[in-house]
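Inspection log for the structure reproduced underneath, given as structure tokens.
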Amino acid sequence: MIRQAADFLRSRLNTWPSTAIVLGSAQAAFAEALEDKTVIPYKDIPGWPVPAVEGHAGQLITGVCGTTPVTVLSGRVHLYEGWTPQQVTFGIRVLGLLGLKNLILTNAAGGINPKYHPGLLVLITDHINLQGSNPLCGPNDGGLGPRFPDMSRAYSPAHLDTARSAAKELGIPVGEGVYAALLGPSFETPAEIRYLRTIGADLAGMSTVPETIVANHMGIRVLAISTVTNMAAGMQKELSHHEVLETGKASAGNLIRLLTTLLPRLDP
Ligand code: HPA
């Protein structure tokens with residue numbers, strides 16, 4: 001199915017950008033600002049899972065940001081919606097077949113590190129997979145990658161350096177930390193957050209890790225940036241999806257400026 005989807009996309013566009021960005025709905029403005037756009041609704045692509053959310057989510061957009069070609073995946077599906085790990089990573093696989101080299105993942109996360117605050121952008125330096133699944137389970141397709149991929153540098157040290165210096169130049173404060181991926185959709189309990197802090201997590205979230213694993217499997221370099229939309233359970237009064245969305249929107253400007261600045265610098 002991934003090869004069928006890749007053939008379909010090749011028939012729509014001859015050359016594919018070497019960098020892709022996965023955006024949440026809060027950052028949709030980034031895609032709107034691209035030039036020379038081609039918009040392909042997910043529902044038109046064979047096998048591509050379509051998110052069940054309102055708004056503009058659910059589109060693949062290619063275009064040029066400044067002078068840098070980029071593919072934007074606007075909207076993603078999650079394990080907690082009942083999608084399989086293979087469906088959650090379908091788009092990354094397909095872009096990998098089209099020659100993707102750099103993948104930028106963005107997400108909303110709860111802040112576990114007490115030095116964080118809502119609205120802060122955090123560069124993910126490593127992760128802890130607590131989702132109880134792995135998209136590489138099952139027979140390995142040796143044409144895509146190795147059976148046992150190395151995850152020692154799952155988040156590209158070179159891309160992290162690029163992001164650090166871009167943030168510094170722009171005067172945007174960024175944290176760095178370890179992202180713990182949970183299945184969701186319930187938020188964590190305060191006891192779970194104490195446990196996560198003990199095992200070395202700075203952020204809690206429900207996405208990103210399956211995509212990162214598949215990208216590493218295919219030799220695609222990953223940069224991942226969290227927006228701390230709330231402090232984690234037990235560290236603030238209560239948690240709500242409404243707050244996650246509102247804080248995400250409020251911090252979108254900084255994230256978009258950061259992405260726009262670092263994008264042209266990713267290719268070696
Ligand atoms: N926990 C897990 N995922 C999240 C959170 C959280 O507190 N906030 C936004 N996504």
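The values are calculated or read from the model by the stated rules, or taken from the named source; none is laboratory data. Small disclaimer: the values here were computed from a predicted structure and weren't measured. Cβ coordinates were reconstructed from backbone atoms using ideal geometry, including for glycine residues, and neighbour counts include every protein chain displayed. When the accessible area is computed, the model is the full protein with side chains, heavy atoms only, and any ligands, DNA or RNA have been set aside. Shrake-Rupley method; radii C 1.70, N 1.55, O 1.52, S 1.80 Å.
Anything in region 231-250 that is open to solvent by less than 10 Å² (accessible area, probe 1.4 Å) and not hydrophobic (A, V, I, L, M, F, W, C)? List them, or say none.
GLY248
If I ask for residues that are more than 10 Å from the ligand (Cβ to nearest atom) and open to solvent by 70 Å² or more (accessible area, probe 1.4 Å), which ones from region 186-198 would you list?
ARG194, TYR195, ARG197, THR198
Within region 1-54, how many residues are open to solvent by 30 Å² or more (accessible area, probe 1.4 Å), under 17 Å from HIS78 (Cα atoms) and part of a loop (DSSP other than H, G, I, E, B)?
Number satisfying all stated conditions: 5.
Let me spell it out: the conditions are (1) modelled with pLDDT of 95 or more; (2) in a loop (DSSP other than H, G, I, E, B), and GLN86 meets all of them except one. Which number is the exception?
Result: GLN86 fails condition (2) only.
Whether any residue in region 177-197 is assigned to a loop (DSSP other than H, G, I, E, B), of a type in the set (Phe, Trp, Tyr) and in contact with a Leu (Cβ under 8 Å, 6 or more places away or on another chain) is what I want to check.
Yes.
Cβ-Cβ under 9 Å, sequence separation 6+ or interchain: first residue in region 227-245 and more than 9 Å from the ligand (Cβ to nearest atom), partner of a type in the set (S, T, N, Q). Which pairs?
Once the first residue is more than 9 Å from the ligand (Cβ to nearest atom) and sits in region 227-245, its partners that are of a type in the set (S, T, N, Q) give GLY234/THR189; GLN236/ASN230; SER240/ASN230; LEU245/SER25; LEU245/THR229.
Return the residues of region 24-38 that are under 20 Å from THR106 (Cα atoms) and not small (Gly, Ala, Ser); say none if nothing qualifies.
Answer for region 24-38, where residues must be under 20 Å from THR106 (Cα atoms) and not small (Gly, Ala, Ser): GLN27, PHE30, GLU32, LEU34.
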